[in-house]
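Some notes on the structure that comes next.
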Amino acid sequence: MIETYKGSCHCGKVRFEANLDLSTGSMKCNCSICTKTRFWETHIKPEDFRLLAGENDLSDYQFGSNSVHHLFCKHCGVRPFVSGHIEEIGGDFYAVNLACLDEVDPSKLVEGPIHYADGRNNNWQCSPPATRHL
């Protein structure tokens, strides 16, 4: 069921709202940035995401193909969401960091399946050999 959730960075300067169906699942990836930041995500269309505050408090980090904006709060360093365009997954998207959702019951976060992606080897549809560290 789609519900509207609010989220934020650690210091609260960056705040957002997103329409999410947590029961459809989420993703954890072993690519270099997701592993180092422990980014736990769910993808949504741009129309389901609203930045409520902090646009000027965000910094943008890009690497590789530069197709994803790894946005983070320049005050506390937390990465509450990313945005980008990848044709293979349907074009424009936001990926919300589930760990940045405010006042959500942890049981709701794990009720849907978690897909583990082998981003380190650009094999996004398959799970990596090890996932416990993600």
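Working only within segment 28-54, note down all residues that are without any contact (Cβ under 8 Å) to a residue 40 or more places away in the chain and charged (D, E, K, R).
36, 47, 50 - these are the residues of segment 28-54 that are without any contact (Cβ under 8 Å) to a residue 40 or more places away in the chain and charged (D, E, K, R).
Within segment 31-46, which residues are hydroxyl-bearing (Ser, Thr, Tyr), within 16 Å of residue 132 (Cα to Cα) and within 13 Å of the chain's Cα centre (by Cα)?
Matches in segment 31-46: 35, 37.
Only one of these conditions is not met by residue 77: (1) under 30 Å from residue 56 (Cβ atoms); (2) touching an Asp or Glu at 6+ places or on another chain (Cβ under 7 Å). Which number is it?
Result: residue 77 passes all but (2).
Listed here are the residues, each with its yes/no results for (1) open to solvent by 30 Å² or more (accessible area, probe 1.4 Å); (2) part of a loop (DSSP other than H, G, I, E, B); (3) of a type in the set (Phe, Trp, Tyr); (4) farther than 19 Å from residue 5 by Cβ.
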position	(1), (2), (3), (4)
42	no, no, no, no
50	yes, no, no, no
56	yes, no, no, yes
59	yes, no, no, yes
63	yes, yes, yes, yes
69	yes, no, no, yes
72	yes, no, yes, yes
77	yes, yes, no, yes
83	no, no, no, no
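Just the residues that are in contact (Cβ under 8 Å) with a residue 40 or more places away in the chain, over 26 Å from residue 59 (Cβ atoms) and open to solvent by 80 Å² or more (accessible area, probe 1.4 Å), please, taken from segment 104-123.
111, 113
Which ones in segment 10-27 are under 12 Å from residue 78 (Cα atoms), touching an Asp or Glu at 6+ places or on another chain (Cβ under 8 Å) and open to solvent by less than 50 Å² (accessible area, probe 1.4 Å)?
First pass over segment 10-27, keeping only residues under 12 Å from residue 78 (Cα atoms): 10-15.
Adding the requirement that they be touching an Asp or Glu at 6+ places or on another chain (Cβ under 8 Å) leaves 13-14.
Hit for segment 10-27 is 14, nothing else.
The values are calculated or read from the model by the stated rules, or taken from the named source; none is laboratory data. Because the structure is a prediction, the values reported are computed rather than measured. Positions of Cβ are backbone-derived with ideal geometry, glycine not excepted, and every protein chain shown enters the neighbour counts. Calculation scope for accessible area: heavy atoms of the full protein, side chains included, ligands and nucleic acids excluded. Shrake-Rupley method; radii C 1.70, N 1.55, O 1.52, S 1.80 Å.
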